[in-house]
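Student: I'd like to ask you about the structure that follows.
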Amino acid sequence: MDVGAVVQFLRNALCTGKNFNVLGDSFLYDPKVTAQYYAFPSPLDKTTPLEILIGMTQFYACVSTTIAGYKILTSGVRKLQLITRLVNLRGTEVAKDNGDKKKKDDKKKDDDKSEAVARQLVTKSLLDESDAATRNTFVGANVLILGIAFFWLFANSFHVTETDWIGGVVALIHAVTVMEIVLLVFLYYMVKDAGAALRRSYRMNKFAAKIVGSKKLSDVDTITVEQYSWVVDGWAPFWAEGVSGSIGAEGKLLTKEEEAVASKLGSLSKNIGQDIADGIRAQARVALFEGYREYVYLILNCFAFYGYLACVLAFYYGEESSKPDYIKAMLMYMPSADADWLGNTVGDFAWTLEPIVILGSPMIISSMLPKKKKEKVA
């Protein structure tokens, strides 16, 4: 179970409940209950038990998101360094191979073909993973910033922002503004990933139909990294993980991986079982689901973005008389106080629904994949 998604659901569900004053007459809204256990200084003594619960989940988000961002960022950098070393090794090997070409015999044509294609696949995989590592580095930096910004939300739950200890309410609004900018980056990747997943689903179905008709990988020399990954049910070379174990052994590991790919291509060029095509079709259904799910995330996060944006605008344009017409339109011609409440409520509710989708997705995906047959024990 995704603990982060569970905490996200609890955090935003509690915030939504607070917005609607659910159980408003209960002890959850009574700061005197908090004072029975700990005497906070003013104005922290306004903190209610509900706000403590919200603050705890926000502190978890602050710590876990900051750590996750740091790990994504540093792993992306390490992966880029690894791929740079491997690309340099590949350049040296290509130069050596070009010098030895004349010494090869004609009887190894088929083997040479598989080796050449394997070399191309490995090279293309290195380039693809380099792009992925660059993206991870950028995304990791944004996640790290998001995690740090959560600290002001945590402090706000304890009314710390009513003091000037960490910049007051202005610092809180700056933190929310930073989170909005980060969310824009995530929205961009949601659009990109959703479209990519739907297109991948189409390509997988088309490729599965093709190999069913030929019952073998007839055009080995034109196979792509993506297609090779499909037929082997997921290709995960060591550089995709970003670790090699030993820098000195990277050249040998690269050669070993290349030989394994060439061997697999040789066998696939002779025969491809029906189960491989069925597996690709199943993965195509999953990719289709993931594409539409990404659009659901996009819609929910667009609502959250616009809602929290309304809070920022309501803060800067609190005076109705000085509010420009375009700001009034963005706030749907509501008073700033109402726009602030509605925007915050919409954002909290959208982010309450998102973890439900996250937590429910594994069960849906599991039901879409073919069940593995249990082997009978004699």
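Student: Return yes when T47 is among the hydroxyl-bearing types (S, T, Y), over 23 Å from G140 (Cβ atoms) and touching a Pro at 6+ places or on another chain (Cβ under 8 Å) and no when it is not. It would help to see each step written out before you state the result.
Tutor: Values: among the hydroxyl-bearing types (S, T, Y): yes; over 23 Å from G140 (Cβ atoms): yes; touching a Pro at 6+ places or on another chain (Cβ under 8 Å): yes.
For T47, the condition - among the hydroxyl-bearing types (S, T, Y), over 23 Å from G140 (Cβ atoms) and touching a Pro at 6+ places or on another chain (Cβ under 8 Å) - is met.
Student: Within the stretch 324-341, count every residue that is open to solvent by less than 60 Å² (accessible area, probe 1.4 Å) and either without any contact (Cβ under 8 Å) to a residue 24 or more places away in the chain or among the polar types (S, T, N, Q) (or both). Quick ask: steps written out before the conclusion?
Tutor: Quick first cut of the stretch 324-341, residues open to solvent by less than 60 Å² (accessible area, probe 1.4 Å) only: 324, 327, 329, 331, 334, 336, 339.
Subset that is either without any contact (Cβ under 8 Å) to a residue 24 or more places away in the chain or among the polar types (S, T, N, Q) (or both): 324, 327, 329, 331, 334, 336.
Total satisfying the criteria: 6.
Student: Next up: Condition (residue is at pLDDT 95 or above, farther than 22 Å from E354 by Cα, among the β-branched types (V, I, T) and in contact with an Asp or Glu (Cβ under 9 Å, 6 or more places away or on another chain)) applied to the stretch 43-52: is it met by at least one residue?
Tutor: yes
Student: I've got another one for you. Could you tell me which numbered condition A196 fails, if it satisfies all but one of (1) out of contact with any helix residue (DSSP H, G or I) (no Cβ under 7 Å at 6 or more places or on another chain); (2) hydrophobic (A, V, I, L, M, F, W, C); (3) open to solvent by less than 20 Å² (accessible area, probe 1.4 Å)?
Tutor: The failed condition is (3).
Student: Can you name the residue in the stretch 35-78 that is among the polar types (S, T, N, Q) and either touching a residue at least 60 places away in the same chain (Cβ under 8 Å) or not in a loop (DSSP other than H, G, I, E, B) (or both) and, of all such residues, is farthest from V182 (Cα to Cα)?
Tutor: Applying the first criterion (among the polar types (S, T, N, Q)) to the stretch 35-78 yields 36, 42, 47-48, 57-58, 64-66, 74-75.
Adding the requirement that they be either touching a residue at least 60 places away in the same chain (Cβ under 8 Å) or not in a loop (DSSP other than H, G, I, E, B) (or both) leaves 47, 57-58, 64-66, 74-75.
Numbers: T47: 29, T57: 20, Q58: 17, S64: 17, T65: 13, T66: 13, T74: 18, S75: 20 Å.
Ranking the candidates gives T47 first.
Student: If a residue has to be open to solvent by 20 Å² or more (accessible area, probe 1.4 Å), part of a helix (DSSP H, G or I) and in contact with a Phe, Trp or Tyr (Cβ under 8 Å, 6 or more places away or on another chain) to count, how many in the stretch 243-263 make the cut?
Tutor: The qualifying residues number 2.
Student: Do we have G291 as in a helix (DSSP H, G or I), closer than 30 Å to S214 by Cβ and touching a Pro at 6+ places or on another chain (Cβ under 9 Å) here? Write out each step before concluding.
Tutor: Details: in a helix (DSSP H, G or I): yes; closer than 30 Å to S214 by Cβ: yes; touching a Pro at 6+ places or on another chain (Cβ under 9 Å): no.
Here the answer is no, as G291 does not meet what is asked.
Student: Taking the stretch 264-278 as the region of interest, how many residues are in a helix (DSSP H, G or I), farther than 20 Å from P237 by Cβ and touching a residue at least 24 places away in the same chain (Cβ under 8 Å)?
Tutor: 3
Student: Kindly evaluate K270 against the criterion of being open to solvent by 80 Å² or more (accessible area, probe 1.4 Å) and more than 25 Å from Y292 (Cβ to Cβ). Before the answer, list the steps.
Tutor: On the way: open to solvent by 80 Å² or more (accessible area, probe 1.4 Å): yes; more than 25 Å from Y292 (Cβ to Cβ): yes.
So K270 fits the description; yes.
Student: Could you list, in sequence order, all residues of the stretch 299-312 that are hydrophobic (A, V, I, L, M, F, W, C) and open to solvent by 30 Å² or more (accessible area, probe 1.4 Å)? Outline the logic, then answer.
Tutor: In the first step, residues of the stretch 299-312 are kept if they are hydrophobic (A, V, I, L, M, F, W, C); the result is 299-300, 302-305, 309-312.
Hits for the stretch 299-312 are I299, C302, F303, F305, L309.
Student: Quick check: anything in the stretch 179-193 open to solvent by 70 Å² or more (accessible area, probe 1.4 Å), touching a residue at least 12 places away in the same chain (Cβ under 8 Å) and not aliphatic (A, V, I, L, M)?
Tutor: Our first condition is that a residue be open to solvent by 70 Å² or more (accessible area, probe 1.4 Å); within the stretch 179-193, this holds for 181, 184, 188, 191-192.
Right, trim to touching a residue at least 12 places away in the same chain (Cβ under 8 Å) and you get 184, 191.
If we keep only those that are not aliphatic (A, V, I, L, M) too, we end up with none.
Looking for residues that are open to solvent by 70 Å² or more (accessible area, probe 1.4 Å), touching a residue at least 12 places away in the same chain (Cβ under 8 Å) and not aliphatic (A, V, I, L, M), one finds none in the stretch 179-193, hence no.
Student: Looking only at residues that are more than 16 Å from G347 (Cα to Cα) and assigned to a helix (DSSP H, G or I) in the stretch 14-34, which one is least open to solvent (accessible area, probe 1.4 Å)?
Tutor: Checked the stretch 14-34; the qualifying residue least open to solvent (accessible area, probe 1.4 Å) is T34.
Student: Inspect all residues belonging to the stretch 313-323 and state whether any of them is buried (at least 19 other Cβ atoms within 10 Å of the Cβ), over 22 Å from L187 (Cα atoms) and at pLDDT 95 or above.
Tutor: Checked the stretch 313-323: at least one residue is buried (at least 19 other Cβ atoms within 10 Å of the Cβ), over 22 Å from L187 (Cα atoms) and at pLDDT 95 or above.
Student: Of the residues in the stretch 260-282, how many are in contact with an Asp or Glu (Cβ under 8 Å, 6 or more places away or on another chain) and either among the basic types (K, R) or modelled with pLDDT of 90 or more (or both)?
Tutor: Selection size over the stretch 260-282: 2.
Student: Check F349 against each of (1) part of a loop (DSSP other than H, G, I, E, B); (2) crowded, with 16+ Cβ neighbours inside 10 Å and name the one condition it does not meet.
Tutor: F349 satisfies every listed condition except (1).
Student: Condition check: open to solvent by less than 50 Å² (accessible area, probe 1.4 Å) and modelled with pLDDT of 95 or more. Does G76 satisfy that?
Tutor: Values: open to solvent by less than 50 Å² (accessible area, probe 1.4 Å): yes; modelled with pLDDT of 95 or more: yes.
In short, yes.
Student: Looking at the stretch 138-160, can you tell me whether even one residue there is at pLDDT 90 or above, more than 24 Å from Y60 (Cβ to Cβ) and of a type outside the set (F, W, Y)? Break it down into steps so the answer makes sense when it comes.
Tutor: To start, the set of residues in the stretch 138-160 that are at pLDDT 90 or above comprises 138-160.
Retained after the next criterion (residues that are more than 24 Å from Y60 (Cβ to Cβ)): 138.
Going one step further and asking which of them are of a type outside the set (F, W, Y), we end up with none.
No, that holds for no residue.
Student: Out of all the residues in the stretch 280-291, is one or more open to solvent by less than 80 Å² (accessible area, probe 1.4 Å) and more than 30 Å from the chain's Cα centre (by Cα)?
Tutor: no
The values are calculated or read from the model by the stated rules, or taken from the named source; none is laboratory data. These numbers come from a predicted model, not from an experiment. When we count neighbours, we look across all protein chains shown, and the Cβ atoms used for this are built from the backbone with ideal geometry, even at glycine. Heavy atoms of the whole protein, side chains included, go into the accessibility calculation; ligands, DNA and RNA do not. Shrake-Rupley method; radii C 1.70, N 1.55, O 1.52, S 1.80 Å.
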